[in-house]
């Protein structure tokens, strides 16, 4: 087959995919009945809240333990961040909580429920929430202690790292909360284990002149949501914290490769493809992103009004002709860019 003929076929296939996408742009929405996720909020004393999307489908044992045994009864309320592991000294950048109450008169521990089975399935990358084990070499020993990864700890906290088994990630930060975690992780963390517990070997302090622990006031459940939709900003498909062209590209590429399809199976923790929250990856998701771009003067930052968690999934956006034309233009540009990229790649070989 001549090169020009192959390029023409590739172009036709891509444009056909674009035509399929546009032909279904008016598909009716339906109620979500698939997997759900849980959005929770960590409220640190004197600091901005940190919102975390729990992986209900990916790690059901861990999420159930976290919510039913500790969050819902309020067992994490008024507790200390008792440890801040720092890369310079431990090779790990993380903060830990969920073990000790804020009480300077007596060592008061969070009541531990039965240990849970390890559910390791996702790397301990920056911004993820994991369970900490009571024994590094006992994979099924996690109870109440949780940890936030302030940096990428996927090596040391993965299987074969600091222990044979990895540490189970069961949620990740959505929205701008990572800066709160990295700030706590940067505090001085002296060894205070002589004052009552080996847990205090790296106890973060906000002051160098007095005992000044970091306190977690509470963890509250904000809402449940469609598991494949970002609960903080629905159009932030890659959970980068901002709306960017990559969010649109990810959805377009998925539709081009797989067509319009239902979202099913466990949440992978990689992308939030169902922007509209209707259970499908479809042009409705593309149009929702285009509509969000239309709200921006410069499409590089979080759109005003979309940063606050909503009461439910984002409604299907209105579909005036301007949005349809914008979607068509974007799909067409994307298709031709792919053709151009393949052409350049073939010429380079």
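The values are calculated or read from the model by the stated rules, or taken from the named source; none is laboratory data. Everything numeric in this text was worked out from a predicted model, so none of it was measured. Cβ sites come from the backbone with ideal geometry, for glycine too, and all protein chains shown count toward neighbours.
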Exercise for the section: Among the numbered conditions (1) at pLDDT 95 or above; (2) under 24 Å from residue 233 (Cβ atoms), tell me where residue 176 comes up short. Expected result: (1)
Exercise for the section: Those residues that are touching a helix residue (DSSP H, G or I) at 6+ places or on another chain (Cβ under 8 Å) and closer than 19 Å to residue 59 by Cβ, I need them from segment 150-180; list them, please. Expected result: 168, 170, 171, 173
Fill in the blank from the handout: Those residues of segment 99-118 that are surrounded by fewer than 20 Cβ atoms within 10 Å (Cβ to Cβ) and farther than 23 Å from residue 77 by Cβ come to a total of 1
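What about residue 234, is it in contact (Cβ under 8 Å) with a residue 40 or more places away in the chain and more than 28 Å from the chain's Cα centre (by Cα)?
When the stated conditions are applied, residue 234 does not pass them.
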Exercise for the section: Considering only segment 197-223, state which residues are part of a loop (DSSP other than H, G, I, E, B), touching a residue at least 60 places away in the same chain (Cβ under 8 Å) and closer than 12 Å to residue 82 by Cα. Expected result: 197, 201, 202, 203, 204, 214
Fill in the blank from the handout: residue 86: passes all of (1) within 19 Å of residue 172 (Cβ to Cβ); (2) out of contact with any strand residue (DSSP E or B) (no Cβ under 7 Å at 6 or more places or on another chain) but (1)
Exercise for the section: Say whether the condition of being surrounded by 22 or more Cβ atoms within 10 Å (Cβ to Cβ), at pLDDT below 95 and not in a helix (DSSP H, G or I) is met by at least one residue in segment 238-248. Expected result: yes
Problem - Filter result for residue 138 (on the phi < 0 side of the Ramachandran plot, crowded, with 16+ Cβ neighbours inside 10 Å and either assigned by TED's automatic domain parsing to the domain that holds residue 212 or in a loop (DSSP other than H, G, I, E, B) (or both)) - result: no
Problem - Residues located in segment 70-79, provided they are touching a residue at least 12 places away in the same chain (Cβ under 8 Å) and either surrounded by fewer than 16 Cβ atoms within 10 Å (Cβ to Cβ) or in contact with a helix residue (DSSP H, G or I) (Cβ under 9 Å, 6 or more places away or on another chain) (or both) - result: 72, 74, 75, 76, 78
